[in-house]
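Only one structure is covered here, and it is reproduced in the block below.
The values are calculated or read from the model by the stated rules, or taken from the named source; none is laboratory data. The model shown is predicted, which means the values in this text are computed figures rather than measured ones. Note that we place each Cβ from the backbone using ideal geometry, even for glycine, and neighbour counts take in every protein chain shown.
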Amino acid sequence: MNAAPALLGYAAVVGFLAPQLMLRSTWPHRAPALAVVVWHGLAVSFTAALALAAYHLAVPTEHLHAGLVGLLHACGLSSSSSAPSADIADGLAIALPILVILLPLSLFAYELVRASRARSRHRRTLDMVGRRSSRLRATVLEHDLPAAYCLPGHSPRIVVSEGALRLLSDEQLDAVLEHERAHVAGRHHLPRAAAEAFARLFRRLPLARHAKEQTAILLEMIADDRAMRRHPREVLATAMYEMAAGKAPAGGFAVGGPTALVRMRRVLAAQRRPHVALRGSVAAAALLVPLLPLLVGCPPVVG
């Protein structure tokens, strides 16, 4: 039996229905780190389903053998035919799913390089116009508009403007800087680049579009949570209000921006984390989902 229809049906469920379930759930904003893992797990699962479906469409007739050889053939990693034409066909069939997997990986590398170059250009500008503050562990810009952002990755920088220094209290400033340090320490540019690469490849897919949007806001919430471990939520909320108009340069993260209003409401609402049973169930599902296409596309081998 050919598994392509089942794999394509599974990909449709993951690509179109799963994002709606995630968006309607309340737990992601209460456990943002776990939610980022789930969104990326869905993206991996969708890609794996497409890759295996491509193989099964190219090789509609399965010839399963016992043992390891049969399992490799079922997953598209070996061939049972010795005829040259069959070898060519099987080679093309294997190349197609590999291409499906390599495309998002290549775009991920492209997004990393593109963002890294943008941050490098901005760092060179900061070296010319900014001054280093050892007390703040940040670069200070002579600018009247309140702004604070970070440049993660290689040679990370945290940047704050003179306008922000004048506007914010000492405690508010510490909360803002802690928020930016969370982005740097968490290497948040990596999951963001992965989500952007997936969205670039599957532009019209709801999963890709929502994964990109939600990853961006969830990473900000993760940074908010770290800041709230050391500072009262009211302090962070008021600082976010003052800095809401601030924007980050390409490849950076800012405490303000378009997500500030949603995050301020979340910070002030003091929501409790999901129950440990729910977190455990979701974490298990996040680990299982990427493996489901393998269960469908690589059926058990009969001896």
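Points to keep in mind about this one:
- Residue that is farthest from the chain's Cα centre (by Cα) [pool: residues in the range 119-158 that are hydroxyl-bearing (Ser, Thr, Tyr) and more than 21 Å from Ala223 (Cβ to Cβ)]: Ser134
Conditions (1) closer than 17 Å to Lys247 by Cα; (2) surrounded by fewer than 22 Cβ atoms within 10 Å (Cβ to Cβ); (3) among the basic types (Lys, Arg); (4) modelled with pLDDT under 95, marked per residue:
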position	(1), (2), (3), (4)
Asp144	yes, yes, no, yes
Ala148	yes, no, no, yes
His154	no, yes, no, yes
Ile158	yes, no, no, no
Gly163	yes, yes, no, yes
Leu173	yes, yes, no, no
Val176	yes, no, no, no
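- Flag if Ala216 is in contact with a helix residue (DSSP H, G or I) (Cβ under 8 Å, 6 or more places away or on another chain), crowded, with 18+ Cβ neighbours inside 10 Å and of a type outside the set (Ser, Thr, Tyr): yes
- Subset of the range 181-205 that is surrounded by fewer than 19 Cβ atoms within 10 Å (Cβ to Cβ) and touching a residue at least 60 places away in the same chain (Cβ under 8 Å) - its residue that is nearest to Ala109 (Cα to Cα): Leu190
- Among residues that are assigned to a loop (DSSP other than H, G, I, E, B) and out of contact with any Phe, Trp or Tyr (no Cβ under 9 Å at 6 or more places or on another chain), Arg203 is included.
- Pairing each residue of the range 103-125 that is closer than 16 Å to Val159 by Cβ with any residue that is hydroxyl-bearing (Ser, Thr, Tyr) and not in a helix (DSSP H, G or I), provided the two are 6+ apart or on different chains, yields C-beta distances under 7 Å for Arg123/Ser155.
Every residue, every condition in (1) closer than 27 Å to His143 by Cα; (2) part of a loop (DSSP other than H, G, I, E, B); (3) over 25 Å from the mean Cα position of the chain (by Cα), yes or no:
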residue	(1), (2), (3)
Ala227	yes, no, no
Ala245	yes, yes, no
Ala286	no, no, no
Leu295	no, no, no
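- Filter pass, Ala33 being small (Gly, Ala, Ser), part of a helix (DSSP H, G or I), surrounded by fewer than 23 Cβ atoms within 10 Å (Cβ to Cβ) and touching a residue at least 24 places away in the same chain (Cβ under 8 Å): yes
- Restricting attention to the range 246-291 and to residues that are under 13 Å from Leu236 (Cα atoms) and among the β-branched types (Val, Ile, Thr), the residue that is modelled with the lowest pLDDT turns out to be Val255.
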